[in-house]
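The values are calculated or read from the model by the stated rules, or taken from the named source; none is laboratory data. This structure is a prediction, so every number in the text was calculated from the model and none was measured. Ideal geometry is used to build each Cβ from the backbone, glycine not excepted, and the neighbour counts take in all protein chains shown.
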Amino acid sequence: MNRRIVLAGNLGWLALALLVMPVRASERISPGDWVRVLYDSPAKIETEVVGTIPGGTVAEVKYVQDDWVFLEVGKIRGWVRRSRVEKVSSPEPVPVLPPPIRSPAEPAMTANSGTTLALLSGYMDQLGYKYFTVTESREEEGMIISLFSLAEAELQLTIFIDPIVEKGCLLFKAPRVLHAPVGTTSPDRLLELLKAIGYINYSIILGKFCYDPRDGEVSFEVNIPIDDSAVTFGQFKHCLIVLLGELEEKVPKLRRILAGEATADVFIHQIIIQPAQLFTTGTSSEGQAVGDRHSQLVGLRATPRAK
């Protein structure tokens, strides 16, 4: 008697478990229902496999026959086993994402790479340029301001050197080298100016002219990243040479265009015939490095003005 009771008890628990356990095959699927393919599944016509439907694909059931459902996915049309799909309430596909690929952890990037105002001030001292520094309320480091006179180009320049460590960038900027407001500048001359600026930016490697349509300011900038190391003296000097050299060469020509004395086409033609000298590669006909020659140029002609 006791054995029968125990046996009956075990069978009762088994029956209860079977009733509670979800059985996917018991879900009724009819034509017009939406199903999700559980994993990559072959689609067949009779005994021939006509394609494979990727797992995660959501498709509308066209026909149902016994343990098979007929699906159309792109160019694949065929019967898929009922056990390989599950009914869903929405036609929106639910992507099946692959497991994440573990990659080596990258070292954390420091907020200040070592390119500080003190470091850059030391570089200016090495070059013998006069300057002053200002603090900026929204930035960790302040900014260097220096005044330059390029006598041959008749330019008086204010140069900003700003280590924006929060964005991992060192900015060299010459603001307001030209002024061409939209409202007071001839549309034809403004168009020629912008064409020339566009071609200059296309033709040079380091630096860019910028035009602000809000007030007509034309400026020149050189930006370099300072993410994970301090800027060296050589890099600092290189950027300053590029900035002063480009301004000395390009601004007088841009002035002529703005004054209506030349067009951008003539200016572009001159650049094509005599390409702008780059500061990173090449030598002159005398064998002197281009960078060295421009270093001397800056030392002779870019005389800092007194504070």
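Here are the numbers:
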quantity: Among the residues listed as 170, 240, 206, 278, the single one being assigned to a loop (DSSP other than H, G, I, E, B), within 27 Å of the chain's Cα centre (by Cα) and at pLDDT 90 or above; calculated: 206
quantity: Strands (runs of 3 or more DSSP E) enclosed by segment 1-120 - at least 1 residues per element that are at pLDDT 65 or above and surrounded by fewer than 10 Cβ atoms within 10 Å (Cβ to Cβ); calculated: 48-53, 58-65
quantity: In segment 217-234, the residues that are in a strand (DSSP E or B) and in contact with a Phe, Trp or Tyr (Cβ under 6 Å, 6 or more places away or on another chain); calculated: 218, 220, 222
quantity: Single condition residue 224 does not satisfy, out of (1) modelled with pLDDT under 90; (2) of a type outside the set (S, T, N, Q); (3) in contact with a Cys (Cβ under 9 Å, 6 or more places away or on another chain); calculated: (1)
quantity: Count of segment 183-202 residues which are surrounded by fewer than 16 Cβ atoms within 10 Å (Cβ to Cβ) and either within 13 Å of residue 256 (Cα to Cα) or of a type in the set (Val, Ile, Thr) (or both); calculated: 2
quantity: Condition met for residue 158 (assigned by TED's automatic domain parsing to the domain that holds residue 236, farther than 21 Å from residue 242 by Cβ, at pLDDT 85 or above and assigned to a strand (DSSP E or B)); calculated: no
quantity: Members of segment 135-162 found to be more than 24 Å from residue 118 (Cβ to Cβ), in contact with a strand residue (DSSP E or B) (Cβ under 8 Å, 6 or more places away or on another chain) and of a type outside the set (A, V, I, L, M, F, W, C), listed by number; calculated: 149, 156
quantity: Qualifying residue in segment 138-146 (condition: buried (at least 18 other Cβ atoms within 10 Å of the Cβ), in a strand (DSSP E or B) and of a type in the set (Asp, Glu)); calculated: no
quantity: Within segment 179-199, tally of residues that are in a helix (DSSP H, G or I), of a type in the set (A, V, I, L, M) and out of contact with any helix residue (DSSP H, G or I) (no Cβ under 6 Å at 6 or more places or on another chain); calculated: 4
